[in-house]
Amino acid sequence: MADLLDLSMREAAAAVRRKEVSPVELARLSLERIAADEPRLHAFARLTEARAMAAAKQAEREILAGQWRGELHGVPVAVKDLYDMAGLPTTCSSKVRHDHLAAADSACVERLEQAGASIVGMTHTHEFAYGIATPTTGNPWNVEHIPGGSSGGSGATLAARGCYMAMGTDTGGSIRIPAAVCGTVGLKPTYGRVSRVGVASLSWSLDHAGPLARTVADCAVTLGALAGFDARDPGSADVPVGDYLTELEHGVKGLRIGVPRNFFFEHVETEVEAGVRAALATLQKEGAELVEVEIPMADMISAIEFGLCMPEASAYHRTMIRERAELYEPDVRTFLEAGMMIPAVDYIAALRQRTLMQAAWRTMFEANGLDALIGPAVAAVAMRRDQPTLTWPDGTEETASSVYVRLSAPANVTGTPSVSVPCGFGKGGLPVALQVMGRPFGEARILRIARAYERTVDWSTRKPSR
């Protein structure tokens, strides 16, 4: 019976549709697995067992009556502890919000439940999504190492087979970082593609909502349920939603993939670079054309990311930090207090530089006729939980935050879609990942390329020992 939890989301959904397994059985198995793993992983801020079982029972009735809603119907999923669920706490894994109760469901929770999903719980985040470690949670491949952040709970429970999909948020890589270091797939859609209504903000001009799952196809299915304009979200884009599955299996023959000659392969662990280079060679063998490109404004990426994120986060927390400063964790409080010291002229300069960078990336894609750009998702495998910095072979020391945000930030600054996909294992047997970045609203194309690679390897079927 436990083998059911090793299925992909689409495989589990197909079994449910064929009435080979009940949604109630899947929900129970998921909750049992989570309960067994929690003493070791601490991936969940809270479980939502009653709501999950009620949704599963409803799904069972509907499917038995021939009313199948799609490939999320009757499937156990989780959401990050930033997504409001009516009547439940949304604490953002922080003591600051210990008394917060959501008045309504977030837009993503609404859409997931409309698709028939059973939400089994809310996963831990680095406090207020402001970090890359998620210190409450262990990496299931080795609990002495970080699960990434800020959506660390989502990455950990997925890798441990606690559920079939888990929602994350991504401001500087917070979907793709935990996906990369936990060995799952993580999709950051285009800015404005998925509504953020009812999701606690870190930096409103950089925040994205999106899924982590065990396969590329599972992310495609989830995006299909979530994508679309929402007038309640000022950043939502009124752009038609396509079918993300139509071209998923079309392969890469004739597609042009950019390979960065600068930035993305600088200060990267040997095993990480080797995994990504091998994946590129595989895609070339499958028929893709590889094109070397220069990443524009590379020296400005981190400055723009933090120049926007820090003051926007501090503005969001302005009242809370005045009233409850002592309840914040020291690292997050330090970031928030530092953000309050950034002059408005510097913030405005970062806004201007972002506009220039977005234009430069459009030119890079158009001038080279690129369908996508591929590089490492993160520069290193999961660091130890007690490791604040990483020292590179040339003696350069880099903070943990920079190690993981550095390569994921470009897709946040430009707002372009990016998907992280496992591409091997590095030191200590920890996962390695690549990321496929595309043109705005080009999710179908990057998912197609990611799937073309994924189907040549078996990384998505590998799981940590328990």
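Can you show me the helix-derived [θ] at 222 nm for the chain, built from DSSP H runs with n ≥ 4 at -39,500 (n - 2.57) apiece and divided by the number of residues, rounded to the nearest 500. List each step's numbers first, then the result.
Working: 14 runs with 178 residues, N = 466.
It lands at -12000 deg cm²/dmol.
Tell me which residues come under 5 Å, amide H to amide H, from V432 once H is placed; ignore anything under 5 positions away on its chain.
C423, G424, F425, G426
Expressed as cubic angstrom per residue, what is the convex hull volume of the alpha carbon set of the range 298-384?
Working: hull volume 11.8 nm³, N = 87.
It comes to 135 Å³ per residue, whole-number rounded.
Which residue, S93, A104, W68, has the largest displacement toward the positive end of the dipole of the range 51-105 when charges sit on each Cβ (Lys, Arg +1; Asp, Glu -1)?
Comparing the listed Cα positions along the dipole, S93 ranks first.
Considering Cα pairs under 8 angstrom that are at least six residues apart, work out the relative contact order of the chain and quote it in whole percent. Please report the intermediate quantities before stating the final value.
Values: 1109 pairs, mean separation 78.8, N = 466.
In percent, rounded to a whole number, it is 17.
So which DSSP H runs in the chain come out at 27 Å plus along the axis (Cα) with average Kyte-Doolittle of at least 0.0? Please list the in-between numbers first.
Working: long enough: 344-367 (34 Å, 0.11).
In the chain, the long hydrophobic H runs are 344-367.
Compute the Rg to Rh ratio over the chain from the alpha carbon atoms, using the Kirkwood formula for Rh, and round to two decimal places.
Numbers: Rg = 20.5 Å, Rh = 21.7 Å.
Across the chain, the Cα-based Rg/Rh ratio is 0.94.
Suppose the chain between T319 and A65 were pulled fully straight at 0.36 nm per residue; how much longer would it get relative to their current alpha carbon spacing?
Values: separation 254, 0.36 × 254 = 91.44 nm, distance 5.07 nm.
Result: 86.4 nm gained on full extension.
What Kirkwood hydrodynamic radius, in Å, does the range 1-70 give when the mean of 1/r is taken over all pairs of distinct Cα atoms and then inverted?
On the way: mean 1/r = 0.0775 Å⁻¹.
For the range 1-70, the Kirkwood estimate is 12.9 Å.
Starting from the Cα-Cα distance between L356 and V457, subtract it from 0.36 nm times their residue separation and give me the gain in nm to one decimal. Walk me through the numbers before you get to the answer.
Details: separation 101, 0.36 × 101 = 36.36 nm, distance 3.81 nm.
Here the answer is 32.6 nm.
With labels modelled as points extended 7 Å from the Cα through the Cβ direction, what inter-label distance (nm, one decimal) is found for E326 paired with E38?
3.0 nm
Largest first and in whole Å, give the semi-axes of the range 114-182's equivalent ellipsoid, each being the square root of 5 times a Cα gyration tensor eigenvalue. Each step should come with its number before you reach the end.
Details: eigenvalues 69, 39, 19 Å².
Ellipsoid half-lengths, sorted descending, are 19, 14, 10 Å.
Can you tell me what share of the DSSP beta bridges in the chain is antiparallel? A percent to the nearest 5 is fine.
Details: 33 of 46 bridges.
Counting only bridges with both partners in the chain, antiparallel ones make up about 70 percent.
Measure of size requested: the Rg and Dmax of the range 107-147, with Cα atoms as the atom set and Å as the unit; please supply both.
Computed over the Cα atoms of the range 107-147, radius of gyration and Dmax are 13.8, 38 Å.
Provide the per residue accessible area, probe 1.4 Å, for the chain, rounded to a whole number of square angstrom. List each step's numbers first, then the result.
Numbers: 17020 Å² over 466 residues.
So the chain comes to 37 Å² accessible per residue, rounded to a whole number.
Quick one: pull the percent of accessible area on the chain belonging to carbon and sulfur, 1.4 Å probe, ligands and nucleic acids left out.
Details: 9010 of 17020 Å².
Carbon and sulfur together cover 53 percent of it.
When you count, for each residue, the other Cβ atoms within 10 Å and take the mean per peptide, how do 399-407, 150-158 rank with the highest first? Provide the component values of the computation, followed by the final result.
Working: 399-407: 22.2, 150-158: 34.9.
Ranked by mean Cβ neighbours within 10 Å, highest first: 150-158, 399-407.
The values are calculated or read from the model by the stated rules, or taken from the named source; none is laboratory data. Please read all numbers here as calculations on a predicted model, not as lab measurements. Note that each Cβ is placed from the backbone with ideal geometry, even for glycine, and that neighbours are counted across all protein chains shown. Ligands, DNA and RNA are stripped out before the accessible areas are found, and what is left, the full protein with its side chains, is counted by its heavy atoms. Shrake-Rupley method; radii C 1.70, N 1.55, O 1.52, S 1.80 Å.
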